[in-house]
Amino acid sequence: QESRGLGDVYKRQIQGNRTEFALQINETHHYITKEDLLNPSFEIPNGSLLILKTDPQIASKNAIEGLKDPKQSRRIIFELRNLLQEETFARFFLNSGGMAALLNVVQTLVGNQLAYGLFALNLAMEYRLNWDAISESFLQEKLFPQLNANNINVARSALSIAAQIARSEQFGFTIADRIIRATTPSGLHPYANIIQSLNSTDVKVQSTALSLINALYSSCPNSSVEKTFYDTLESLNFSKILKKIVKSLKDEELKRQVYLYQCFKLRGLQREGKTPYDPNNKEHEEKLLLLWQLIFPDKPLDARISEQWKLIGFQGTNPATDFRGMGMLEHNSRASISE
């Protein structure tokens, strides 16, 4: 069998300008560079499949130019779903203005074309390059309204991108939460559209919706915001929906997201256990009075300090003195059982 070097392969197999092409190692997606060829220690693993492709730098330039051409942009969007999975191409693309060009096209897309565009955008964002091109107005006007889209493929990618937004330092919980509330359809409780996605028959939509919730949890700026976020979800029966999902859990990614959520919830419960009952805290006192109303809805409490508290197990006339080792976790548990 004839032995030939890589340079000879180029000469024999390529017609046209050889500088426009590159060899890629299929198994690792690594493009063989001039530096590799000059490096004595560089080796191509035995049995590797080499694929002749357009040089990634030239391919990225062509893709960006194609996005700017209305006649080619939709075809390029479709091709980017595969091209952006190659890191070398993606870095050339994003460092040459590709993010802005991609966003401009996505802004105009609908239906299946929008699904392709958001899939490509999600891939591009994972490289964390040139996010400055992503504006809050784009997120509010185009992306977040798609979180509960009828097109499943649109919803999947929109939820995944929203999770990236929530986890990022550039946007984080505060901006993601504000946009979610601003884009919740009229007549729905904030976050109801995301909770609806958890009820989807598509496992990937369920998984990405829970991934977004976990991303929001992980980026809460403080425990007070985290508690408000938790209460918002619970007002929409989030735990009951999650329990239903767990009973038929098979998808590995969805299992992972459920586990992450359980970790966040356990952290919240541990914090409640360390939070002492404060009779001067208005919220704590309101919760205590609500406990009485839950147990005796038709029997008014005579006074805040009353012998009546003993009817539901407190030792004295002032329940505040009974919350000791478990803090607010003990009180919240009583209220949960009473409900």
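The values are calculated or read from the model by the stated rules, or taken from the named source; none is laboratory data. In this text the structure is predicted, and so the values were computed from the model without any measurement. Here the Cβ positions follow ideal geometry from the backbone for every residue, glycine too, while neighbour counts run over all protein chains shown. The area values use the complete protein model at the heavy-atom level, side chains included, leaving out ligands, DNA and RNA. Shrake-Rupley method; radii C 1.70, N 1.55, O 1.52, S 1.80 Å.
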Query raised in the report: Counting Lys +1, Arg +1, Asp -1, Glu -1, what net charge surrounds Ser211 among other residues with beta carbon under 11 Å of its beta carbon?
Result: +3
Query raised in the report: Where does the chain land at 222 nm, in deg cm²/dmol rounded to the nearest 500, when only DSSP H runs of n ≥ 4 count, each adding -39500 (n - 2.57), divided by all residues?
Result: -17500 deg cm²/dmol
Query - Accessible-area composition of the chain, carbon plus sulfur, in percent [1.4 Å probe] - result: 50 percent
Query raised in the report: Considering the zone a paramagnetic label at Thr28 would reach in this model (a point 7 Å from Cα along the Cα-to-Cβ line), which residues of the range 63-94 have amide N under 17 Å from it?
Result: 86-89
Query - Cross-link table Lys142/Lys243; Lys142/Lys244; Lys34/Lys61; Lys53/Lys255, entries beyond 28 Å C-alpha to C-alpha - result: Lys142/Lys243; Lys142/Lys244; Lys53/Lys255
Query - Distance between modelled label sites at Glu286 and Ser223, nm, 7 Å Cα→Cβ extension - result: 2.0 nm
Query raised in the report: Roughly how many Å² of Lys243 are accessible to a 1.4 Å probe, to the nearest 10?
Result: 130 Å²
Requested in this report: Return one quarter of the surface area of the convex hull spanned by the alpha-carbon atoms of the range 219-339, equal to its mean projected area, in nm².
Outcome: 9.1 nm²
Query raised in the report: What full-extension length gain, to one decimal in nm, is calculated for Glu252 and Asp36 as 0.36 nm per residue of separation minus the Cα-Cα distance?
Result: 73.9 nm
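Over the chain, give the accessible area per residue in Å² for a 1.4 Å probe, as an integer.
Ligands and nucleic acids excluded, the figure is 56 Å² per residue.
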**Report entry** Segment Gln72-Gln262, length gained on full extension (0.36 nm per residue, minus Cα span)
**Finding:** 63.8 nm
